[in-house]
Amino acid sequence: MAVVKAGVVVLDCAEPEKLAEFYKGLLDAEQTDASANRVEIRGADGIRLAFRRDVNATPPSWPRPENSLQAHLDFIVDDLDDVERKVVSLGGRPLETKGAPGPHEERGYADPAGHSFTLRLEPSTAPKQG
């Protein structure tokens, strides 16, 4: 029998209700729990996120080193341009990444509270040509 029943990624922020609304819209999610200091959501594909009130929370300053990135979220998408429009309409903003390295086309963003996340295309399973 598994010791851990489920995992939830928790983001600290000053306004959990507002941040939950952003991710509910992005992930087509529903709210599953709420208290005075925490809101939890579950996305259509089962991803679980929670947002915990911390009035002293400061977002990471990635890519600047003074308050470097400690963790971020990756979301796999079919169409980067389409999802970028949704991110921006929900209050997120693109981050300048200047040719981020890696095998997948991806783009970096910040949510309304400043947490960074990445949208990336699912890698092709086709055999390499040439």
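The values are calculated or read from the model by the stated rules, or taken from the named source; none is laboratory data. What you are looking at is a predicted structure, and each value in this text was computed from that prediction instead of being measured. Note that each Cβ is placed from the backbone with ideal geometry, even for glycine, and that neighbours are counted across all protein chains shown. Side chains are part of the model used for accessible areas, which takes the heavy atoms of the whole protein and leaves out ligands, DNA and RNA. Shrake-Rupley method; radii C 1.70, N 1.55, O 1.52, S 1.80 Å.
The residue of segment 67-89 that is modelled with the lowest pLDDT, among those that are closer than 14 Å to Y23 by Cβ and of a type outside the set (D, E, K, R), is H72. Filtered by the rule that a residue be out of contact with any Gly (no Cβ under 7 Å at 6 or more places or on another chain), hydrophobic (A, V, I, L, M, F, W, C) and open to solvent by less than 80 Å² (accessible area, probe 1.4 Å), segment 3-35 gives A6, V8, V9, V10, L11, C13, A14, L19, A20, L26, A34.
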